[in-house]
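> Have a look at the structure that comes next, please.
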Amino acid sequence: MSKDFSQDSLKNIKRKRQEWEKNTLKPALDRFKIAKSPNQFYTPLDIPDFDFTENVGFPGEYPYTAGSYASSVPGSGPVTGGYHIGGGGGLVRAGRYSGYGTA
C-alpha cells in the first residue's frame, strides 16, 4: 500500500469508505434511480505502492508535477479571488506579461 500512510490509517480509510458508500452514496444514487455512480472517488487504497514525495513532490522541486515554481508569482503578495494583489517588486515571468495562456 501507499508508503505515505500507515496500515492503521489505510484500514481506517477502508472502513470509512465502506460507511460512506452505504450511508451516503447509496441513498443518493437510489434517490435519483441511478444504478452506478457516474464518477469515481479515489483514495490512497486505489494507488498501491504510491509515494507522494517521490512521484508528485512539492511545487518548485523535482519532478515538478505539482508546479514549476514554489509560488505563483514571486513578490506579488497574496492571491485573493484569483487575482494577485499587493506590490510587485519581485521577478515577473514572461507568461505574466506576454499573454501566454490567454484566449
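The values are calculated or read from the model by the stated rules, or taken from the named source; none is laboratory data. This is a predicted model, so every value here is computed, not measured. Reconstructed Cβ throughout: ideal geometry from the backbone, glycine too, with neighbour counts over all protein chains shown.
Results for (1) touching an Asp or Glu at 6+ places or on another chain (Cβ under 7 Å); (2) in a loop (DSSP other than H, G, I, E, B); (3) modelled with pLDDT of 85 or more; (4) under 30 Å from GLN18 (Cβ atoms), shown as yes or no for each residue.
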{"position": "GLN40", "(1), (2), (3), (4)": "no, yes, yes, yes"}
{"position": "THR53", "(1), (2), (3), (4)": "no, no, no, yes"}
{"position": "TYR64", "(1), (2), (3), (4)": "no, yes, no, no"}
{"position": "VAL73", "(1), (2), (3), (4)": "no, yes, no, no"}
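> Now a separate question. In the stretch 1-38, what residues are of a type outside the set (Phe, Trp, Tyr), exposed (fewer than 10 other Cβ atoms within 10 Å of the Cβ) and either touching a strand residue (DSSP E or B) at 6+ places or on another chain (Cβ under 9 Å) or assigned to a loop (DSSP other than H, G, I, E, B) (or both)?
Hits for the stretch 1-38 are LYS33, ALA35, LYS36, PRO38.
> Does the stretch 10-46 hold any residues that are in contact (Cβ under 8 Å) with a residue 12 or more places away in the chain, closer than 21 Å to GLY57 by Cα and hydroxyl-bearing (Ser, Thr, Tyr), and which are they?
THR43
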